[in-house]
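Each reported figure results from applying straightforward, stated rules to the coordinates on display, with no laboratory input. What you see is a predicted model; the values in this text were computed from it and never measured. Here the Cβ positions follow ideal geometry from the backbone for every residue, glycine too, while neighbour counts run over all protein chains shown.
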């Protein structure tokens with residue numbers, strides 16, 4: 001069995017691009033001294049405007065790689081892979097793809113993500129079968145979905161008045177018609193898979209690219225036609241081939257806004273703008289299963305829900321924060337740390353773009369509050385980087401708006417001081433690691449809130465961040481960086497601490 005690190009621990013190593021490092025520098029933005037890291041992630045946030053073909057390719061690779069979590073966290077990931085390579089399905093995918101002129105591996109990957117190979121799979125939204133085809137699409141493919149009429153008979157007793165004036169009770173019968181599905185070709189792989197292969201090949205011809213065909217399989221032909229109209233208006237083809245990836249990474253709140261808003265709309269509807277990236281990763285993972293089932297199984301072990309392997313892991317932080325990270329069980333643990341794992345979250349809102357809400361940071365333990373104003377260097381560096389990217393994007397979105405420092409409501413907390421005696425596995429308990437922090441966005445101006453969400457998404461797409469609402473409608477985000485980039489964000493923190501912000505601000 002090959003070691004797990006080959007598949008996951010260093011999976012992002014060398015993939016992200018860093019601009020040349022220069023330590024201890026601050027640059028001026030709008031006449032004020034703000035921290036601007038020279039250790040940077042390329043093509044993120046405002047830098048999307050100047051994205052080169054090389055950076056676009058690297059971001060695309062990272063986006064595909066980051067889909068590993070969404071696929072492998074599902075309890076059916078292993079069983080589904082086994083089904084995909086069963087003799088019957090393997091032959092069906094091969095023959096269908098060959099006849100349609102569509103790649104076998106891609107056809108298999110679509111079936112894998114759509115149903116995990118379950119021919120009886122049914123979505124609450126209506127699509128059914130191994131390829132999860134809607135009724136309307138099935139008919140356009142030539143598949144038969146037929147209904148028959150049956151009747152439901154009910155009886156009731158009514159009083160009936162006769163001609164002679166007498167009243168008697170009689171039973172009255174009613175027939176109510178209802179439809180019954182009598183034939184559904186979607187539930188038979190030998191019919192559904194070839195039809196889907198032909199349909200995908202037709203979409204490729206219609207939209208001029210395999211990536212757009214895959215996008216259309218999930219979002220619909222009308223959806224992709226609208227997207228391509230927006231792409232043409234933005235003249236993205238002048239920068240290179242107008243691919244799904246170029247459309248996705250060429251849009252932001254300040255650049256190609258119409259495409260950005262379309263992406264936002266469809267992400268809220270069904271996540272279809274990321275579907276092509278997921279299919280590409282599913283194809284890679286199935287190839288891994290075919291060549292090395294043991295390594296594939298190890299990878300699933302890394303991404304499964306540590307609380308309950310029978311259900312999907314809710315978000316990335318649940319798999320990134322391992323039991324060994326839960327090191328601060330009481331305040332004495334934090335005292336004894338003495339700078340080994342934690343650093344002070346230096347508060348300078350003007351320079352670093354965040355403030356500390358001390359009323360919530362250890363409010364239940366004022367004697368030890370100074371210890372709660374700490375986190376790992378990676379966590380503080382992540383916070384600084386998010387604030388930096390948010391501020392400069394917001395300044396471009398609203399040139400007259402005043403940037404409101406991000407409000408941090410929680411850093412490290414010992415387990416025995418968490419409210420209500422919460423168990424180790426909860427969101428709050430992740431603060432025992434020192435690797436996460438909470439930000440309240442509820443009081444931010446609308447455009448700044450939009451800028452923050454975009455920056456978080458942008459870093460999340462590449463697998464750098466995990467974040468989740470602390471509780472429904474709380475207005476507070478629980479944020480942590482990936483283990484693979486903790487060293488990078490720790491360098492951002494180190495760089496910030498080597499600069500002289502006070503002196504710069506006074507110039």
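With each run of n ≥ 4 DSSP H residues scored as -39500 (n - 2.57), what mean residue ellipticity at 222 nm is computed for the chain after dividing by its residue count and rounding to the nearest 500 deg cm²/dmol? If you can, show how the numbers build up before the last one.
Details: 21 runs with 224 residues, N = 507.
For the chain, the value works out to -13000 deg cm²/dmol.
Expressed as an acute angle from 0 to 90° and rounded to the nearest 10, what is the orientation of the C-alpha long axis of helix 446-461 relative to the principal long axis of the chain?
For 446-461 against the chain, the angle is about 80 degrees.
Arrange the following residues from fewest to most other Cβ atoms within 10 Å of their Cβ: 137, 433.
137, 433
7 Å from Cα along Cα→Cβ at both residue 311 and residue 235: what's the point-to-point distance in nm?
5.2
When 316, 58, 391 are ordered from fewest to most other Cβ atoms inside 10 Å of their Cβ, what list results? Display every interim value, and only then the final one.
On the way: 316 22, 58 19, 391 27.
Ascending Cβ contact count within 10 Å gives the list 58, 316, 391.
Take the alpha carbon atoms of the range 481-499, find their center, do the same for the range 337-374, and report the distance between the two centers in whole angstrom.
What the calculation gives is 17 Å, centre to centre.
For the peptides 440-449, 345-354, what is the packing order when you average, over each peptide's residues, the other Cβ atoms within 10 Å and list the highest mean first?
345-354, 440-449
Calculate, for residue 347 and residue 322, the FRET efficiency according to 1/(1 + (r/R0)^6) with r their C-beta to C-beta distance and R0 25 Å; round to the nearest 0.05.
That gives a FRET efficiency of 0.25.
In the chain, what percentage of the DSSP-assigned beta bridges are antiparallel, given to the nearest 5?
Rounded to the nearest five, the antiparallel share is 95 percent.
Just order 116-128, 278-290 by mean Cβ neighbour count inside 10 Å, highest at the front, would you?
278-290, 116-128
Just want to confirm a number: the relative contact order over the range 317-505, from Cα pairs under 8 angstrom separated by 6+ residues, in percent. Mind showing how you got there, number by number?
Details: 302 pairs, mean separation 49.5, N = 189.
Taking the mean separation of contacting Cα pairs over the length of the range 317-505, I get 26 percent.
Go through (i) 23.0, 76; (ii) 27.6, 92; (iii) 27.8, 111 and flag the label whose value is the computed Rg and Dmax of the Cα atoms in Å for this structure.
Checking each listed value against the structure points to (iii).
Going by Cα centres, the range 148-179 and the range 192-220 are how many Å apart?
Using only Cα atoms to place each centre, the spacing works out to 53 Å.
Please determine, in degrees from 0 to 90 and to the nearest 10, the orientation of helix 377-397 with respect to the longest principal axis defined by the Cα atoms of the chain, where the helix direction is its Cα long axis.
80
What ranking, highest mean first, results for peptides 231-239, 297-305 when packing means the other Cβ atoms within 10 Å averaged over each residue?
297-305, 231-239
If we count other beta carbons within 10 Å of each Cβ, what is the order of 141, 131, fewest first?
The fewest-first ordering by Cβ neighbours comes to 141, 131.
Normalised by the number of residues in the chain, what is the relative contact order in percent for Cα pairs under 8 Å and 6+ residues apart?
It comes to 18 percent, rounded to a whole number.
From the square roots a ≥ b ≥ c of the eigenvalues of the alpha-carbon gyration tensor of the range 194-350, which class results: rounded (a/c under 1.5), prolate (a/b over b/c), or oblate?
oblate
Evaluate E = 1/(1 + (r/R0)^6) for residue 53 and residue 144, where r is the Cβ-Cβ distance and R0 equals 41 Å; express this FRET efficiency to the nearest 0.05.
The value I calculate is 0.35.
As an exercise, take the mean of 1/r over every pair of distinct alpha carbons in the range 317-505, invert it, and state the Kirkwood radius in angstroms. Working shown, then result.
Details: mean 1/r = 0.0598 Å⁻¹.
It works out to 16.7 Å.
Could you calculate the FRET efficiency of residue 155 with residue 177 from 1/(1 + (r/R0)^6), where r is the beta carbon distance between them and R0 is 22 Å, rounded to 0.05? Write down the numbers at each step before the final one.
Values: r = 17 Å, r/R0 = 0.76.
In this case the efficiency is close to 0.85.
Compute the long axis of helix 293-303 from its Cα atoms, compare it with the longest principal axis of the Cα atoms of the chain, and write down the angle in degrees, 0 to 90, nearest 10.
Its long axis makes an angle of about 70 degrees.
Relative to the present Cα-Cα distance, how much length would full extension add between residue 166 and residue 429 at 0.36 nm per residue of separation? Please list the in-between numbers first.
Working: separation 263, 0.36 × 263 = 94.68 nm, distance 7.81 nm.
Gain in length upon complete extension: 86.9 nm.
Between residue 79 and residue 122, what is the label-point separation in nm under the 7 Å Cα-to-beta-carbon projection?
1.7
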